[in-house]
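Trainee: Submitted below is the structure of interest, expressed as C-alpha cells.
The values are calculated or read from the model by the stated rules, or taken from the named source; none is laboratory data. On a predicted model such as this, the values are computed, not experimentally measured, just so you know. Neighbour counts run over all protein chains shown; Cβ positions are idealised from the backbone, glycine included. Calculation scope for accessible area: heavy atoms of the full protein, side chains included, ligands and nucleic acids excluded. Shrake-Rupley method; radii C 1.70, N 1.55, O 1.52, S 1.80 Å.
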Amino acid sequence: MTHKIALTFEDGVTRFIDASPSETVADAAYRQGINIPLDCRDGACGTCKCFAEAGRYDMGQDYIEDALSEDEAAQGYVLTCQMRAESDCVVRVPASSEVCKTQQASFEAAISEVRQLSDSTIALSIKGESLSKLAFLPGQYVNLQVPGSDQTRAYSFSSLPKDGEVSFLIRNVPGGLMSSFLTGLAKAGDSMTLAGPLGSFYLRDIRRPLLLLAGGTGLAPFTAMLEKVAAEGSAHPLHLIYGVTHDHDLVEMDKLEAFAARIPNFTFSACVASPDSSYPQKGYVTQHIEPRHLNEGDVDIYLCGPPPMVEAVSQYIREQGIAPANFYYEKFAASAA
C-alpha cells in the first residue's frame, strides 16, 4: 500500500510521488528523483522543513525542538526527513522545482588545476565527462572525497559547470586532510570523487535588491551566483561586501572587478579586519553595510561565512530594526581532522 504525496513548489509546480507508510517523505522523494531540501536526515537541522497542507501523517519523536518547535508542528509544519504519510498528503516545499529536480549523485572527475591563491586559499578545478551530467543551483555545495581516505569535505562550487569542469575555493587549513593533499600531493590528472549537490543556500529569483555578504572562502558561492547573474542579467541592484582577516586573504579581486564590468547593477567592496592591514577599508563586514544596502527591509540578504560572522550580521540587522524580506545564510567551519 502506498500513498500519493503532492509536492507543491514555490514556483507553482506540483509533482506527485508514491510513499509507503514505512518510508519518510524525504526518502520517497529522493527515491523518485526529486531532490527536496535536505541535509542531516536526523531531524536536527530543520533544512527539510515544509508545510503539510492536507493529509494525515506521523512525525514520530526523533527530532529536536530547534529543528521544529511545538507551535510549528501544531500549525502543520513538518520535517520531511521524519514525516511518514498515513494518507494521501499535500506538502508545500519552500524551494523551486528547479533545485528539487537535481538528484544527489556520485561523480568521478580528475584534477585539472590546483592553484594556491594565497597562504590561506587554494583554488581547485576538476574536470570529467561525468560532470556534464552534474546539475546544481549556484550557491550549493558538494562533498569531495579526500583521495587516499574515506573522508569527505564540503565545498561550495565557485563556478558554474563549463565543458565538464567546475571549481572551488578551499581554505588552506594547516594540518587539514584536504589541505595537506592539495598542497603536498595533488597533481593534474589525479582522480577525485564528489557527491551532491547539497544544501538550501542557492540563488533564488531576483525580485528585489540583493545584499551579498562573504567571509573568507565564503566568497565561493557568490562567484557562482554572479556567473548566473552575468549571463541572465538583473533588473535589481546587487551589492557584495567581502570581508577577510588579513591582507593576503583577499583573493579573486580581479574576478569581482570583471563581474562589476559585466553586470550593470553590481557593485562590491572589500574589507580587512586586521588592525595591521594596509588595505584602504578596514574592519568587519557589518561596519561597511550602509542604510541604502538594506533598502528599508525590501532586500534579500545572502550570507556565507564562519559562524561568528553569521551571528554578528544577524545581531547587526536586528539592532538596525530591519526585517529583510528574506535572509539566507550558510555557516561553515574548517575541519583539520
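Trainee: For Ala44, are the conditions met, namely being under 28 Å from Arg207 (Cβ atoms) and not in a strand (DSSP E or B)?
Mentor: no
Trainee: Restricting to the stretch 201-224, and then to whatever is in a helix (DSSP H, G or I) and of a type in the set (A, V, I, L, M, F, W, C), can you tell me which residue is nearest to Val99 (Cα to Cα)?
Mentor: Checked the stretch 201-224; the qualifying residue nearest to Val99 (Cα to Cα) is Ala224.
Trainee: Given the criterion modelled with pLDDT under 90 and within 20 Å of the chain's Cα centre (by Cα), identify the matching residue among Asp42, Asp88.
Mentor: So the residue among Asp42, Asp88 that is modelled with pLDDT under 90 and within 20 Å of the chain's Cα centre (by Cα) is Asp42.
Trainee: Which count do you get for residues in the stretch 115-150 that are surrounded by fewer than 19 Cβ atoms within 10 Å (Cβ to Cβ), touching a residue at least 40 places away in the same chain (Cβ under 8 Å) and more than 20 Å from the chain's Cα centre (by Cα)?
Mentor: 5
Trainee: Same structure, new question: Please work out which one of (1) over 16 Å from Leu212 (Cα atoms); (2) within 21 Å of the chain's Cα centre (by Cα); (3) open to solvent by 30 Å² or more (accessible area, probe 1.4 Å); (4) touching a residue at least 40 places away in the same chain (Cβ under 8 Å) is the condition Val251 fails and give its number.
Mentor: Failed condition: (3).
Trainee: I've got another one for you. What residue, among those in the stretch 1-23 that are exposed (fewer than 15 other Cβ atoms within 10 Å of the Cβ) and not in a loop (DSSP other than H, G, I, E, B), is farthest from the chain's Cα centre (by Cα)?
Mentor: Only one residue fits best here, namely Lys4.
Trainee: Can I ask one more? Quick test of your reading of the structure: Gln103 fulfils all but one of (1) out of contact with any strand residue (DSSP E or B) (no Cβ under 7 Å at 6 or more places or on another chain); (2) open to solvent by 30 Å² or more (accessible area, probe 1.4 Å); (3) modelled with pLDDT of 90 or more. Name the failing condition by number.
Mentor: Just one mismatch for Gln103, condition (3).
Trainee: Considering only residues of the stretch 288-333 that are hydroxyl-bearing (Ser, Thr, Tyr) and under 19 Å from Leu203 (Cα atoms), which is modelled with the highest pLDDT?
Mentor: The residue in question is Tyr302.
Trainee: Another question about this same structure. On the given criteria, is Gly33 in contact (Cβ under 8 Å) with a residue 60 or more places away in the chain and at positive phi? Walk me through how you get there before you give the answer.
Mentor: On the way: in contact (Cβ under 8 Å) with a residue 60 or more places away in the chain: yes; at positive phi: yes.
In short, yes.
Trainee: What's the number of the condition Ala74 fails, among (1) surrounded by fewer than 21 Cβ atoms within 10 Å (Cβ to Cβ); (2) out of contact with any strand residue (DSSP E or B) (no Cβ under 9 Å at 6 or more places or on another chain); (3) in a loop (DSSP other than H, G, I, E, B)?
Mentor: (3)
Trainee: So, one more: Looking only at the stretch 243-287, which residues are outside any loop (DSSP other than H, G, I, E, B), out of contact with any Gly (no Cβ under 8 Å at 6 or more places or on another chain), closer than 23 Å to Pro307 by Cα and of a type outside the set (Lys, Arg)?
Mentor: In the first step, residues of the stretch 243-287 are kept if they are outside any loop (DSSP other than H, G, I, E, B); the result is 243-244, 247-249, 253-262, 266-272, 282, 285-287.
Applying the additional criterion that residues be out of contact with any Gly (no Cβ under 8 Å at 6 or more places or on another chain) yields 247-248, 253-262, 266-269, 282, 286-287.
Those still in the list that are closer than 23 Å to Pro307 by Cα too: 247-248, 268-269, 282, 286-287.
Across the stretch 243-287, the qualifying residues are Asp247, His248, Phe268, Ser269, Thr286, Gln287.
Trainee: Please go through (1) outside any loop (DSSP other than H, G, I, E, B); (2) more than 12 Å from Leu213 (Cα to Cα); (3) of a type in the set (A, V, I, L, M); (4) in contact (Cβ under 8 Å) with a residue 12 or more places away in the chain for Ile301 and return the number of the only condition it doesn't satisfy.
Mentor: Result: Ile301 passes all but (2).
Trainee: Considering only residues that are open to solvent by 20 Å² or more (accessible area, probe 1.4 Å) and of a type in the set (S, T, N, Q), look in the stretch 201-241 and name the one that is farthest from the chain's Cα centre (by Cα).
Mentor: The extreme case among them is Ser234.
Trainee: Is it true that some residue in the stretch 176-191 is closer than 17 Å to Cys304 by Cβ and not aliphatic (A, V, I, L, M)?
Mentor: no
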